[in-house]
Ligand SMILES: C[S@@+](CC[C@H](N)C(=O)[O-])C[C@H]1O[C@@H](n2cnc3c(N)ncnc32)[C@H](O)[C@@H]1O
(Lines give C-alpha, C1' and ligand atoms only; values in the text may rest on other atoms or scores of the structure.)
Protein backbone atom coordinates (compact mmCIF):
# COMPACT_ATOMS: atom_id res chain seq x y z
CA UNK A 1 0.00 0.00 0.00
CA UNK A 2 1.44 3.36 -0.93
CA UNK A 3 1.36 6.17 1.61
CA UNK A 4 0.54 9.60 0.19
CA UNK A 5 3.11 12.25 1.01
CA UNK A 6 1.71 15.01 3.24
CA UNK A 7 3.63 17.43 1.00
CA UNK A 8 2.82 16.27 -2.54
CA UNK A 9 3.77 19.60 -4.04
CA UNK A 10 7.10 19.57 -2.29
CA UNK A 11 7.85 16.03 -3.42
CA UNK A 12 6.93 16.56 -7.04
CA UNK A 13 8.38 19.93 -7.78
CA UNK A 14 11.01 20.81 -5.21
CA UNK A 15 14.18 19.14 -6.27
CA UNK A 16 17.61 20.68 -5.74
CA UNK A 17 18.01 20.89 -9.49
CA UNK A 18 14.75 22.78 -10.04
CA UNK A 19 13.96 24.83 -6.98
CA UNK A 20 16.93 24.81 -4.61
CA UNK A 21 16.89 23.39 -1.12
CA UNK A 22 13.34 22.09 -0.41
CA UNK A 23 13.52 22.69 3.34
CA UNK A 24 13.75 26.45 2.76
CA UNK A 25 10.06 26.33 1.76
CA UNK A 26 8.99 23.59 4.11
CA UNK A 27 10.74 24.98 7.15
CA UNK A 28 11.77 28.57 6.61
CA UNK A 29 14.19 30.09 9.12
CA UNK A 30 12.50 32.01 11.92
CA UNK A 31 12.14 35.77 11.51
CA UNK A 32 13.45 36.19 15.06
CA UNK A 33 16.85 37.64 14.05
CA UNK A 34 15.12 40.33 11.97
CA UNK A 35 12.70 41.16 14.78
CA UNK A 36 15.65 41.18 17.14
CA UNK A 37 17.22 44.02 15.16
CA UNK A 38 13.94 45.93 14.82
CA UNK A 39 13.28 45.64 18.53
CA UNK A 40 16.92 46.53 19.24
CA UNK A 41 15.99 50.08 18.28
CA UNK A 42 13.26 50.12 20.94
CA UNK A 43 15.56 48.40 23.44
CA UNK A 44 18.18 51.14 23.07
CA UNK A 45 15.64 53.92 23.60
CA UNK A 46 14.08 52.08 26.53
CA UNK A 47 17.48 52.02 28.21
CA UNK A 48 18.01 55.72 27.44
CA UNK A 49 14.59 56.48 28.97
CA UNK A 50 15.34 54.34 32.02
CA UNK A 51 18.55 56.30 32.64
CA UNK A 52 16.84 59.66 31.98
CA UNK A 53 14.00 58.80 34.37
CA UNK A 54 16.39 57.57 37.07
CA UNK A 55 14.77 54.11 37.21
CA UNK A 56 17.92 52.24 38.25
CA UNK A 57 18.90 54.78 40.92
CA UNK A 58 15.27 54.79 42.11
CA UNK A 59 15.06 50.99 42.46
CA UNK A 60 18.45 51.04 44.20
CA UNK A 61 17.15 53.55 46.76
CA UNK A 62 13.95 51.57 47.39
CA UNK A 63 15.76 48.21 47.32
CA UNK A 64 12.79 46.00 46.36
CA UNK A 65 9.73 47.89 45.16
CA UNK A 66 6.43 47.71 43.32
CA UNK A 67 5.87 49.76 40.18
CA UNK A 68 3.42 51.92 42.12
CA UNK A 69 6.09 52.74 44.73
CA UNK A 70 8.67 53.50 42.05
CA UNK A 71 6.19 55.62 40.07
CA UNK A 72 5.54 57.61 43.24
CA UNK A 73 9.23 58.27 43.85
CA UNK A 74 9.88 59.20 40.20
CA UNK A 75 6.59 61.13 39.77
CA UNK A 76 5.70 59.31 36.53
CA UNK A 77 2.71 57.46 35.09
CA UNK A 78 2.42 54.02 36.71
CA UNK A 79 1.01 52.04 33.72
CA UNK A 80 3.63 53.46 31.39
CA UNK A 81 6.40 52.79 33.86
CA UNK A 82 5.22 49.18 34.22
CA UNK A 83 5.84 48.57 30.51
CA UNK A 84 9.35 49.95 30.80
CA UNK A 85 10.11 47.93 33.94
CA UNK A 86 8.87 44.72 32.33
CA UNK A 87 11.06 45.37 29.29
CA UNK A 88 14.03 45.98 31.61
CA UNK A 89 13.34 42.56 33.15
CA UNK A 90 13.56 40.97 29.70
CA UNK A 91 16.92 42.72 29.15
CA UNK A 92 18.23 41.25 32.42
CA UNK A 93 18.60 44.68 34.09
CA UNK A 94 15.80 44.20 36.66
CA UNK A 95 14.67 41.04 38.43
CA UNK A 96 10.97 40.67 39.12
CA UNK A 97 9.30 38.31 41.58
CA UNK A 98 5.54 38.67 41.77
CA UNK A 99 4.98 42.41 42.04
CA UNK A 100 8.40 43.30 43.36
CA UNK A 101 11.24 44.59 41.18
CA UNK A 102 14.90 44.76 42.13
CA UNK A 103 18.20 45.49 40.41
CA UNK A 104 20.14 42.73 38.72
CA UNK A 105 23.89 42.66 39.38
CA UNK A 106 24.49 44.02 35.87
CA UNK A 107 22.34 47.08 36.57
CA UNK A 108 23.93 47.61 39.98
CA UNK A 109 27.41 47.65 38.47
CA UNK A 110 26.88 49.40 35.13
CA UNK A 111 23.60 51.32 35.14
CA UNK A 112 23.30 52.99 38.54
CA UNK A 113 24.94 56.41 38.63
CA UNK A 114 27.18 55.30 41.47
CA UNK A 115 27.80 51.78 40.16
CA UNK A 116 31.37 50.47 40.47
CA UNK A 117 31.81 50.72 36.69
CA UNK A 118 28.88 52.98 35.84
CA UNK A 119 28.12 53.37 32.14
CA UNK A 120 25.02 55.46 32.87
CA UNK A 121 26.37 58.62 31.24
CA UNK A 122 27.80 56.61 28.33
CA UNK A 123 24.52 55.22 27.00
CA UNK A 124 23.47 58.34 25.10
CA UNK A 125 26.90 59.20 23.71
CA UNK A 126 28.39 55.78 22.92
CA UNK A 127 26.68 55.26 19.53
CA UNK A 128 27.85 58.71 18.37
CA UNK A 129 25.49 61.44 17.11
CA UNK A 130 22.20 59.58 16.60
CA UNK A 131 21.36 61.25 13.29
CA UNK A 132 24.42 59.62 11.71
CA UNK A 133 22.67 56.25 12.11
CA UNK A 134 19.52 57.48 10.39
CA UNK A 135 21.71 58.64 7.51
CA UNK A 136 23.90 55.54 7.29
CA UNK A 137 22.61 54.56 3.84
CA UNK A 138 23.60 58.03 2.55
CA UNK A 139 27.02 57.66 4.16
CA UNK A 140 27.52 54.39 2.32
CA UNK A 141 26.27 55.93 -0.96
CA UNK A 142 28.47 58.99 -0.79
CA UNK A 143 31.37 57.77 1.34
CA UNK A 144 30.87 60.86 3.54
CA UNK A 145 29.59 61.05 7.13
CA UNK A 146 27.08 63.91 7.51
CA UNK A 147 28.00 64.92 11.07
CA UNK A 148 31.40 63.42 11.94
CA UNK A 149 32.42 63.76 15.57
CA UNK A 150 35.50 65.64 14.35
CA UNK A 151 33.17 68.61 13.61
CA UNK A 152 32.94 69.25 17.37
CA UNK A 153 35.18 66.66 19.02
CA UNK A 154 35.28 68.26 22.45
CA UNK A 155 31.48 68.21 22.80
CA UNK A 156 31.46 64.51 21.97
CA UNK A 157 34.54 63.37 23.89
CA UNK A 158 33.91 65.32 27.12
CA UNK A 159 31.05 63.09 28.36
CA UNK A 160 32.54 59.98 26.71
CA UNK A 161 35.85 60.08 28.56
CA UNK A 162 34.08 60.91 31.79
CA UNK A 163 32.02 57.73 31.39
CA UNK A 164 34.91 55.48 30.35
CA UNK A 165 37.42 56.65 32.95
CA UNK A 166 36.63 54.00 35.57
CA UNK A 167 36.96 51.06 33.18
CA UNK A 168 40.10 52.35 31.47
CA UNK A 169 41.71 53.18 34.81
CA UNK A 170 40.99 49.64 36.00
CA UNK A 171 42.47 48.20 32.80
CA UNK A 172 45.57 50.40 33.11
CA UNK A 173 45.99 49.60 36.81
CA UNK A 174 45.84 45.84 36.15
CA UNK A 175 48.27 46.20 33.25
CA UNK A 176 50.63 48.06 35.58
CA UNK A 177 50.44 45.28 38.20
CA UNK A 178 51.31 42.72 35.52
CA UNK A 179 54.06 44.86 34.02
CA UNK A 180 55.72 45.72 37.35
CA UNK A 181 55.43 49.52 37.12
CA UNK A 182 55.70 49.64 40.93
CA UNK A 183 59.24 48.21 40.67
CA UNK A 184 60.30 50.92 38.20
CA UNK A 185 60.62 54.40 39.66
CA UNK A 186 60.94 57.67 37.77
CA UNK A 187 59.14 56.60 34.60
CA UNK A 188 58.44 59.33 32.01
CA UNK A 189 55.06 58.86 30.36
CA UNK A 190 53.48 60.47 27.31
CA UNK A 191 49.69 59.98 27.07
CA UNK A 192 48.32 61.13 23.69
CA UNK A 193 44.55 61.73 23.46
CA UNK A 194 44.50 61.04 27.18
CA UNK A 195 40.85 61.88 27.90
CA UNK A 196 40.66 62.06 31.70
CA UNK A 197 44.11 60.43 31.69
CA UNK A 198 43.26 56.99 33.16
CA UNK A 199 46.48 55.48 31.72
CA UNK A 200 48.86 58.21 32.84
CA UNK A 201 47.22 58.32 36.28
CA UNK A 202 47.65 54.56 36.74
CA UNK A 203 51.38 54.84 35.97
CA UNK A 204 51.82 57.80 38.33
CA UNK A 205 49.97 55.95 41.10
CA UNK A 206 52.20 52.89 40.79
CA UNK A 207 55.64 54.18 39.84
CA UNK A 208 57.30 56.36 42.47
CA UNK A 209 58.69 59.64 41.15
CA UNK A 210 57.22 59.11 37.69
CA UNK A 211 56.04 62.09 35.62
CA UNK A 212 53.65 62.45 32.70
CA UNK A 213 53.00 64.64 29.71
CA UNK A 214 49.23 64.50 29.18
CA UNK A 215 47.78 65.59 25.84
CA UNK A 216 44.25 66.15 24.61
CA UNK A 217 42.14 68.84 23.01
CA UNK A 218 41.94 71.97 25.17
CA UNK A 219 38.43 71.55 26.64
CA UNK A 220 38.86 67.83 27.32
CA UNK A 221 42.15 68.55 29.03
CA UNK A 222 40.45 70.95 31.45
CA UNK A 223 38.43 68.00 32.79
CA UNK A 224 41.56 65.83 32.95
CA UNK A 225 43.15 68.55 35.07
CA UNK A 226 40.31 68.20 37.62
CA UNK A 227 40.66 64.42 37.78
CA UNK A 228 44.44 64.61 38.18
CA UNK A 229 44.14 67.29 40.84
CA UNK A 230 41.56 65.27 42.79
CA UNK A 231 44.17 62.49 43.01
CA UNK A 232 46.92 64.83 44.19
CA UNK A 233 49.06 64.26 41.09
CA UNK A 234 49.13 67.74 39.53
CA UNK A 235 52.78 68.39 40.45
CA UNK A 236 53.89 65.41 38.38
CA UNK A 237 51.96 66.28 35.23
CA UNK A 238 52.64 68.62 32.35
CA UNK A 239 49.47 69.36 30.36
CA UNK A 240 50.07 69.73 26.63
CA UNK A 241 46.84 70.75 24.85
CA UNK A 242 46.42 70.45 21.09
CA UNK A 243 46.13 68.11 18.15
CA UNK A 244 48.24 65.01 18.78
CA UNK A 245 49.40 65.08 15.16
CA UNK A 246 50.70 68.64 15.55
CA UNK A 247 51.96 69.26 19.08
CA UNK A 248 55.70 69.32 19.71
CA UNK A 249 57.00 66.14 21.25
CA UNK A 250 60.56 65.58 22.51
CA UNK A 251 62.38 62.71 20.78
CA UNK A 252 63.98 59.70 22.55
CA UNK A 253 62.55 61.01 25.82
CA UNK A 254 59.82 58.74 27.22
CA UNK A 255 59.79 55.31 28.88
CA UNK A 256 56.12 54.75 28.05
CA UNK A 257 53.89 56.20 25.35
CA UNK A 258 50.15 55.55 25.57
CA UNK A 259 47.77 55.51 22.59
CA UNK A 260 44.60 54.68 24.55
CA UNK A 261 41.55 54.21 22.30
CA UNK A 262 42.67 56.83 19.82
CA UNK A 263 43.56 54.73 16.77
CA UNK A 264 40.13 53.47 15.73
CA UNK A 265 38.93 56.96 14.74
CA UNK A 266 42.06 57.79 12.77
CA UNK A 267 42.02 55.56 9.71
CA UNK A 268 45.06 53.61 8.58
CA UNK A 269 47.26 56.59 7.68
CA UNK A 270 46.41 58.60 10.80
CA UNK A 271 46.97 55.67 13.15
CA UNK A 272 50.27 54.76 11.47
CA UNK A 273 51.39 58.37 11.89
CA UNK A 274 50.57 58.19 15.61
CA UNK A 275 52.47 54.93 16.03
CA UNK A 276 55.46 56.55 14.28
CA UNK A 277 55.21 59.61 16.56
CA UNK A 278 55.15 57.28 19.54
CA UNK A 279 58.29 55.51 18.26
CA UNK A 280 60.20 58.78 17.94
CA UNK A 281 59.04 59.95 21.37
CA UNK A 282 60.20 56.76 23.10
CA UNK A 283 63.76 56.31 24.25
CA UNK A 284 65.39 53.14 22.90
CA UNK A 285 64.11 50.33 25.13
CA UNK A 286 60.88 52.23 25.84
CA UNK A 287 57.40 50.73 25.53
CA UNK A 288 54.29 51.60 23.56
CA UNK A 289 50.85 50.79 25.03
CA UNK A 290 48.17 50.74 22.34
CA UNK A 291 44.71 49.99 23.72
CA UNK A 292 41.64 49.67 21.53
CA UNK A 293 38.74 47.43 20.53
CA UNK A 294 40.14 45.10 17.89
CA UNK A 295 38.27 42.78 15.53
CA UNK A 296 39.48 39.32 14.53
CA UNK A 297 41.38 39.07 11.27
CA UNK A 298 38.42 37.40 9.49
CA UNK A 299 36.14 40.27 10.60
CA UNK A 300 33.39 37.91 11.77
CA UNK A 301 34.22 36.08 15.02
CA UNK A 302 34.30 39.06 17.34
CA UNK A 303 30.95 40.84 16.87
CA UNK A 304 31.84 43.53 19.40
CA UNK A 305 34.98 44.51 17.46
CA UNK A 306 33.17 44.38 14.11
CA UNK A 307 30.27 46.49 15.38
CA UNK A 308 32.63 48.97 17.04
CA UNK A 309 34.24 49.34 13.60
CA UNK A 310 30.83 50.04 12.07
CA UNK A 311 30.16 52.66 14.76
CA UNK A 312 33.45 54.36 13.87
CA UNK A 313 32.68 54.31 10.13
CA UNK A 314 29.24 55.75 10.84
CA UNK A 315 30.48 58.64 12.98
CA UNK A 316 33.99 59.65 11.97
CA UNK A 317 35.75 60.94 8.87
CA UNK A 318 38.29 58.14 8.57
CA UNK A 319 37.73 55.66 11.39
CA UNK A 320 36.59 52.06 11.15
CA UNK A 321 37.29 48.49 12.07
CA UNK A 322 40.79 47.53 13.29
CA UNK A 323 41.96 43.95 12.89
CA UNK A 324 44.78 42.50 14.95
CA UNK A 325 46.80 41.94 11.75
CA UNK A 326 46.43 45.59 10.80
CA UNK A 327 47.58 46.90 14.18
CA UNK A 328 50.42 44.40 14.50
CA UNK A 329 51.42 45.48 10.96
CA UNK A 330 51.73 49.16 11.97
CA UNK A 331 53.81 48.18 14.98
CA UNK A 332 56.17 45.84 13.10
CA UNK A 333 56.53 48.19 10.11
CA UNK A 334 57.55 50.99 12.49
CA UNK A 335 60.19 48.76 14.08
CA UNK A 336 58.54 47.73 17.34
CA UNK A 337 59.43 44.27 18.61
CA UNK A 338 58.22 41.81 21.26
CA UNK A 339 54.54 42.50 20.56
CA UNK A 340 52.21 41.22 23.31
CA UNK A 341 48.42 41.41 23.19
CA UNK A 342 47.23 41.58 26.80
CA UNK A 343 43.71 41.51 28.27
CA UNK A 344 44.27 43.20 31.66
CA UNK A 345 40.54 43.05 32.47
CA UNK A 346 37.77 41.25 30.61
CA UNK A 347 37.16 42.49 27.05
CA UNK A 348 39.80 45.26 27.25
CA UNK A 349 42.86 44.61 25.08
CA UNK A 350 46.23 46.35 24.91
CA UNK A 351 49.21 45.84 22.63
CA UNK A 352 52.46 46.28 24.49
CA UNK A 353 55.43 46.65 22.16
CA UNK A 354 59.09 47.57 22.68
CA UNK A 355 61.32 49.96 20.84
CA UNK A 356 64.52 47.89 20.73
CA UNK A 357 67.31 49.14 23.04
CA UNK A 358 69.72 49.28 20.12
CA UNK A 359 67.47 51.31 17.81
C1 LIG B 1 38.04 57.35 23.07
S2 LIG B 1 38.83 58.65 23.89
C3 LIG B 1 40.10 57.81 24.80
C4 LIG B 1 40.55 58.53 26.06
C5 LIG B 1 41.64 57.83 26.86
N6 LIG B 1 42.88 57.74 26.14
C7 LIG B 1 41.18 56.45 27.29
O8 LIG B 1 41.80 55.47 26.89
O9 LIG B 1 40.20 56.38 28.03
C10 LIG B 1 39.76 59.46 22.62
C11 LIG B 1 40.43 60.74 23.10
O12 LIG B 1 41.25 61.26 22.06
C13 LIG B 1 41.10 62.67 22.03
N14 LIG B 1 41.41 63.14 20.68
C15 LIG B 1 40.76 62.87 19.53
N16 LIG B 1 41.36 63.49 18.49
C17 LIG B 1 42.42 64.15 19.01
C18 LIG B 1 43.43 64.95 18.44
N19 LIG B 1 43.47 65.20 17.13
N20 LIG B 1 44.36 65.47 19.26
C21 LIG B 1 44.34 65.23 20.59
N22 LIG B 1 43.39 64.47 21.19
C23 LIG B 1 42.45 63.94 20.40
C24 LIG B 1 39.65 62.88 22.38
O25 LIG B 1 39.40 64.21 22.82
C26 LIG B 1 39.45 61.84 23.47
O27 LIG B 1 39.74 62.35 24.74
If I filter the range 178-188 down to residues being over 14 Å from residue 352 (Cα atoms) and not in a loop (DSSP other than H, G, I, E, B), which single residue comes out as nearest to the ligand (Cβ to nearest atom)? 188
Output the residue which, of all residues in the range 250-289 that are within 10 Å of the ligand (Cβ to nearest atom) and in a helix (DSSP H, G or I), is nearest to residue 198 (Cα to Cα). 263
What do you reckon, is residue 175 more than 11 Å from the ligand (Cβ to nearest atom), in the same structural domain as residue 344 (by TED's automatic domain parsing) and either crowded, with 16+ Cβ neighbours inside 10 Å or in a loop (DSSP other than H, G, I, E, B) (or both)? yes
How many residues of the range 310-325 are touching a residue at least 12 places away in the same chain (Cβ under 8 Å) and out of contact with any helix residue (DSSP H, G or I) (no Cβ under 7 Å at 6 or more places or on another chain)? The answer is 5
If I filter the range 189-211 for residues that are more than 15 Å from the ligand (Cβ to nearest atom), assigned to a helix (DSSP H, G or I), surrounded by fewer than 16 Cβ atoms within 10 Å (Cβ to Cβ) and modelled with pLDDT of 95 or more, do I get at least one hit? no
Filter result for residue 167 (at pLDDT below 95, within 21 Å of residue 311 (Cβ to Cβ), outside the structural domain of residue 109 (by TED's automatic domain parsing) and more than 10 Å from the ligand (Cβ to nearest atom)): no
Could you say whether any residue in the range 346-354 is free of Cβ contacts under 8 Å to residues at least 40 places away in the same chain, over 18 Å from residue 266 (Cβ atoms), in contact with a strand residue (DSSP E or B) (Cβ under 8 Å, 6 or more places away or on another chain) and in a strand (DSSP E or B)? no
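Taking the condition of being on the phi > 0 side of the Ramachandran plot and touching a helix residue (DSSP H, G or I) at 6+ places or on another chain (Cβ under 7 Å), how many residues in the range 111-144 meet it?
Within the range 111-144, the first condition is being on the phi > 0 side of the Ramachandran plot, and the residues that meet it are 128, 143.
Now narrow it down to the ones that are touching a helix residue (DSSP H, G or I) at 6+ places or on another chain (Cβ under 7 Å): 128.
Of the residues in the range 111-144, 1 are on the phi > 0 side of the Ramachandran plot and touching a helix residue (DSSP H, G or I) at 6+ places or on another chain (Cβ under 7 Å).
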For the range 147-164, give me each residue that is surrounded by 15 or more Cβ atoms within 10 Å (Cβ to Cβ), closer than 14 Å to residue 132 by Cα, modelled with pLDDT of 95 or more and within 10 Å of the ligand (Cβ to nearest atom). 149
Among 70, 74, which is the only one that is buried (at least 17 other Cβ atoms within 10 Å of the Cβ) and in the same structural domain as residue 45 (by TED's automatic domain parsing)? 70
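Yes or no, residue by residue, for (1) within 28 Å of residue 204 (Cβ to Cβ); (2) surrounded by 15 or more Cβ atoms within 10 Å (Cβ to Cβ):
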site	(1), (2)
243	yes, no
251	yes, no
256	yes, yes
263	yes, yes
275	yes, yes
278	yes, yes
285	yes, no
298	no, no
305	no, yes
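Report the residue count in the range 215-233 for those that are closer than 16 Å to residue 202 by Cβ, more than 10 Å from the ligand (Cβ to nearest atom) and touching a helix residue (DSSP H, G or I) at 6+ places or on another chain (Cβ under 9 Å).
Total satisfying the criteria: 4.
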For the structure I just gave you, tell me whether residue 247 is under 27 Å from residue 155 (Cα atoms), over 24 Å from the mean Cα position of the chain (by Cα) and within 14 Å of the ligand (Cβ to nearest atom). yes
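The values are calculated or read from the model by the stated rules, or taken from the named source; none is laboratory data. Just so it is clear, the structure is predicted and the values come from calculations on it, not from any experiment. In this analysis, Cβ positions are derived from the backbone assuming ideal geometry, glycine residues included, and neighbour counts consider all displayed protein chains.
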